[in-house]
Amino acid sequence: MGVKARLLVDSQCALGEGATWCARSGRFYWTDIEGKRLWRYDPRGGKSESFEMPERLACFTPCADAGRLLLGLASRLAFFDLTTREIETIMLVEADLPTRLNDGRCDREGRFVFGTKHDVEDAQAVGGFYRLNHDLSLERLPLPDCAISNSIGFSPDGATMYYCDSPTRQIRACDYPSFANDRVFVELSDATGVPDGSIVDADGGLWNAQWGGYRVVRYAPDGRESARVDVPSTQPSCVAFGGADFASMYVTSARVGLNERALQTDPHAGGVFIATPGVRGIEEAVFQGKP
């Protein structure tokens with residue numbers, strides 16, 4: 001019998017994404033991209049709260065300064081002060097293209113790696129992958145153009161990067177930071193499910209939330225499926241390990257695109273789900289750059 005996730009927060013997000021555990025504060029963060037809100041959940045009291053954003057918040061990461069987050073807003077990178085709620089823009093991204101920021105995660109050195117998404121219904125491969133360095137310089141990475149960037153993650157030793165362009169239904173891997181040996185890591189064979197956000201566990205397994213597939217799937221470092229978590233919602237979108245021992249798995253989900261009939265059978269779509277898959281995660285790096 002497989003592991004099943006259960007509802008934790010019925011947040012009703014239009015597009016829940018960006019699952020992130022903050023080890024220093026002991027809180028779980030996520031974003032409702034289309035709702036333009038940053039969410040936070042504290043497991044010690046079971047309380048959740050959200051903060052309005054000035055535009056769609058696609059991805060983010062805690063910073064070395066514990067009072068700040070690095071935000072990947074739709075059009076720009078910015079610092080967010082968790083106390084004052086002030087936002088300090090760093091730079092615009094792809095200002096000349098019809099794209100927005102999408103998935104992002106720090107590499108093991110604390111540099112923020114992220115990708116963009118063609119911001120139209122029939123997305124084409126016009127976006128790219130980038131890295132914000134410690135000195136706040138931005139570089140475009142030598143990876144293929146993408147329509148919908150996702151599944152960014154790093155092996156525990158930092159020597160392998162994972163990423164995908166979701167419409168291709170392939171998760172790719174490359175050596176990091178050289179980007180050599182770019183290869184197909186996994187190609188989804190099920191008729192349902194598209195690769196979305198990922199996290200890497202302490203043993204090097206990549207857990208991928210599969211949009212439309214009611215599941216999070218673990219792939220061993222050799223690309224073989226080795227486990228899965230059943231999610232009671234059709235559109236799981238991103239995944240993170242958390243808790244004091246990193247044994248809990250948090251999964252975000254979405255309501256966008258579901259009609260009234262679909263929502264009747266999936267009433268908690270857009271919520272956050274939790275499971276205990278039997279493996280542990282590791283503490284993710286925080287962004288080491290400063291304003």
- prompt: Which ³J(HN,Hα) values, rounded to whole Hz and listed in residue order, are derived for the stretch 110-123 from phi using the Karplus coefficients 6.51, -1.76 and 1.60 in 6.51 cos²θ - 1.76 cosθ + 1.60 with θ = phi - 60°, glycine and proline given as x?
  reply: x, 9, 8, 9, 8, x, 10, 9, 5, 8, 9, 5, 9, 5
query: How would you classify the stretch 165-227 from its alpha-carbon gyration tensor, with a ≥ b ≥ c the square roots of the eigenvalues: rounded for a/c under 1.5, else prolate if a/b is greater than b/c, otherwise oblate?
result: oblate
- request: Order by neighbour count: His118, His268, fewest other Cβ atoms within 10 Å first, most last.
  value: His268, His118
- line: Extension length gain for Gln170 and His134 (0.36 nm per residue less Cα distance), in nm, is 10.0 nm
- line: For the stretch 147-253, the Cα convex hull volume per residue in Å³ comes to 96 Å³
field: Sequence-distant residues sharing a close amide H with Gly197 (under 5 Å, placed H)
entry: Ser151, Ala209, Cys238
message: Based only on other Cβ atoms within 10 Å, what is the fewest-to-most ordering of Arg169, Arg140, Arg76?
response: Arg140, Arg169, Arg76
task: Under a cut-off of 25 Å between alpha-carbon atoms, report the lysines in cross-link reach of Lys117, not counting same-chain residues fewer than 8 places apart.
output: Lys36
task: Convert each backbone phi in the stretch 232-249 into a coupling constant with the Karplus relation 6.51 cos²θ - 1.76 cosθ + 1.60 (shift: θ = phi - 60°), then list the ³J(HN,Hα) values in order as whole Hz, x for Gly and Pro.
output: x, 7, 6, 10, x, 10, 7, 9, 8, 8, x, x, 4, 10, 6, 9, 9, 10
field: Whole-angstrom gap from the stretch 103-141 to the stretch 215-250, using each part's C-alpha centre
entry: 23 Å
task: Answer rounded, prolate or oblate for the stretch 19-79, using the Cα gyration tensor with square roots of eigenvalues a ≥ b ≥ c: rounded when a/c is under 1.5, else prolate when a/b is larger than b/c, else oblate.
output: oblate
- request: Can you bin the stretch 3-275 into rounded, prolate or oblate? Criterion: square roots of the alpha carbon gyration tensor eigenvalues sorted a ≥ b ≥ c, rounded for a/c under 1.5, prolate for a/b above b/c, oblate for the rest.
  value: rounded
- request: Quote the charge dipole size of the chain about the Cα centre in Debye, to the nearest 20; the model charges only the Cβ of Lys and Arg (+1) and of Asp and Glu (-1).
  value: 620 debye
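Give me the mean projected area, in nm² to one decimal, of the convex hull enclosing the Cα positions of the stretch 80-155.
For the stretch 80-155, averaging the hull's shadow over all directions gives 6.3 nm².
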query: What distance in nm separates the simple spin-label points at Gln264 and Ala247, each placed 7 Å from Cα in the Cβ direction?
result: 4.2 nm
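Since every read-out is calculated from the coordinates, none of them should be taken as a lab result. Everything numeric in this text was worked out from a predicted model, so none of it was measured. Cβ: placed from backbone, ideal geometry, glycine included. Neighbour counts: every protein chain shown.
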